[in-house]
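Below you'll find the structure, written out as structure tokens, and then a few comments.
The values are calculated or read from the model by the stated rules, or taken from the named source; none is laboratory data. All of these numbers come straight from a predicted model, not from anything done at the bench. Here Cβ is always computed from backbone atoms with ideal geometry, including for glycine, and neighbour counts include all displayed protein chains. Keep in mind that these areas ignore ligands, DNA and RNA; they rest on the heavy atoms of the full protein, side chains included. Shrake-Rupley method; radii C 1.70, N 1.55, O 1.52, S 1.80 Å.
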Amino acid sequence: MIKVSNIHKSFGKVEVLKGVDLTINKSEVVSIVGASGAGKSTLLQIIGTLDKADAGSIIIDNQDINKLNQKKIADFRNHKIGFVFQFHHLLPEFTALENICIPAFIAGISKEEATEKAIQLLEYLNLTDRKDHKPSMMSGGEQQRIAVARALINNPSVILADEPSGNLDSQSAKELHQLFFDLRDKTGQTFVIVTHNPQLAEMSDRILTMKDGVIVCESDNN
């Protein structure tokens with residue numbers, strides 16, 4: 001599903017990624033761990049096409065990202081990649097239902113179809129009673145699950161999560177982690193998760209450890 005080859009990235013004179021190689025299979029849940037500053041989030045942003053590498057190649061779902069122009073990259077990202085961030089980035093003026101629908105609207109899906117899909121996701125996540133609530137009326141765990149539903153609305157091949165449980169209490173974090181694995185089993189999607197949470201990392205199929213801009217260790221949890 002994802003093949004990254006010899007990725008380099010610098011910010012000014014600071015070399016953050018120093019030749020990263022990795023392969024992630026379809027329906028895998030892979031955690032990327034390491035100390036702050038190791039390059040984990042930068043790598044995730046580049047895999048997610050939110051940032052561009054200085055050198056190297058990325059192939060996602062058989063598509064060579066380097067061969068796409070900016071418009072096609074944006075379209076690919078909208079259809080193929082879902083994002084879940086530590087800070088859920090829900091729009092405060094919109095309801096849960098409206099927040100979930102936004103990527104679908106960007107993809108050109110009709111309001112009727114987007115709403116139907118969003119309601120199905122709310123039902124799956126046991127959040128139907130929150131559909132008309134704005135973020136300020138929901139708990140942190142509920143907001144993060146709404147963010148997950150938003151990531152899923154276009155049925156992407158890949159979900160990228162950056163410290164998704166970083167702001168959650170332990171019970172909400174545990175529920176969110178289990179949700180990722182339930183979704184993988186139900187939909188066959190591929191998850192790449194940057195985390196400092198050892199419990200989440202241990203649940204994953206594989207753990208990739210980064211240090212000083214490269215992957216230094218890979219462990220298989222199966």
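Here are some notes:
- Candidate values (1) 10.9; (2) 13.2; (3) 12.0, label of the one derived for mean projected area of the Cα convex hull in nm²: (3)
- For segment 38-77, the spread of Cα positions along each principal axis, largest first, Å: 30, 19, 16
- Measuring with a 1.4 angstrom probe and ignoring ligands and nucleic acids, Asp220 comes out at about 100 Å² accessible.
- The calculated FRET efficiency for the pair Tyr124 and His79, based on their C-beta separation and a Förster distance of 22 Å, comes to about 0.60.
- Other residues with beta-carbon under 15 Å from the beta-carbon of Lys67 carry, at +1 per Lys or Arg and -1 per Asp or Glu, a net charge of +3.
- When the surface is traced with a 1.4 Å probe over the full set of protein chains, Phe181 keeps roughly 20 Å² accessible.
- Segment 146-222-segment 50-102 distance, computed between alpha-carbon centres (Å): 17
- Taking other residues whose beta carbon is less than 11 angstrom from the beta carbon of Glu15, and scoring Lys, Arg as +1 and Asp, Glu as -1, yields +1.
- Accessible surface of the chain, 1.4 Å probe: 50 percent of it comes from carbon and sulfur atoms.
- All other residues whose Cβ lies under 13 angstrom from that of Asn126 are scored, Lys and Arg at +1 and Asp and Glu at -1, for a net of -2.
- Restraint check, Lys9/Lys117; Lys13/Lys40; Lys13/Lys67; Lys3/Lys71; Lys18/Lys80; Lys111/Lys186, Cα-Cα greater than 30 Å: Lys9/Lys117
- Put a dot 7 Å past the Cα of Asp51, heading toward its Cβ, do the same for Ile106, and the two dots end up 1.8 nm apart.
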